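Derivation of every value follows stated rules applied to the coordinates shown; laboratory data play no part. Just so it is clear, the structure is predicted and the values come from calculations on it, not from any experiment. Neighbour counts run over all protein chains shown; Cβ positions are idealised from the backbone, glycine included.
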Amino acid sequence: GGNTMGAKMLHTCIRVANLEKSLEFYKEVLGLIETRRKDFPEHKFTLVYLSDKEDGYELELTYNYDPEKPYDIGNGFSHIAIGAPNIEELREKHLKLGYEVTPLKGLPGEPPKYYFVTDPDGYKVEVIRTEA
């Protein structure tokens, strides 16, 4: 295993319009933890890093103070994915919280094992069944 360059995946960054709403989604809805935060008030932005564990791969939320308009996510970006054993329960929870949620889906010819939930900025998060 391992690559010859010694490169390690570190994080994926997304820009968010409302830091509190996004933190509520990723922490309370998906169970991620805040691993660190960097505030740059003189430059009007904050970076918050979230992960499923310390020293793990991170999701970086970039919050630019007072964005003029919602971000255009574009058609090249597809989704973020997380795994959980109890996706039916999670899906019900996400529906009750009022988030946009798809039916359970499966790849062609396979039983359903994932769904998508949309975060406050419109980023899609795929929730995939994992072994408990």
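In table form, for the structure just shown:
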item	result
Cross-link pairs Lys27/Lys69; Lys53/Lys93; Lys38/Lys124; Lys44/Lys93; Lys53/Lys96 - those with Cα-Cα distance over 32 Å	Lys44/Lys93
On Cα atoms only, tilt of 87-96 relative to the major axis of the chain in degrees	60
Descending semi-axes in whole angstrom, ellipsoid equivalent of the chain, from the Cα gyration tensor	26, 20, 15
Hydrodynamic radius by Kirkwood, which averages 1/r over all alpha carbon pairs of region 68-132, in angstrom	12.8
Computed label-point distance, nm, for sites Glu88 and Glu24 using a 7 Å Cα→Cβ extension	2.9
Separation of the Asp55 and Leu95 label points, Cα + 7 Å toward Cβ, nm	4.1
Full-extension gain in nm, Ile128 to Leu47, via 0.36 nm per residue minus C-alpha separation	26.5 nm
Pairwise FRET efficiency - Leu107 versus Tyr65, Cβ, R0 = 41 Å, nearest 0.05	0.50
Trypsin sites (Lys or Arg not before Pro) restricted to DSSP loop in region 50-132 with at most 11 other C-beta within 10 Å	Lys53
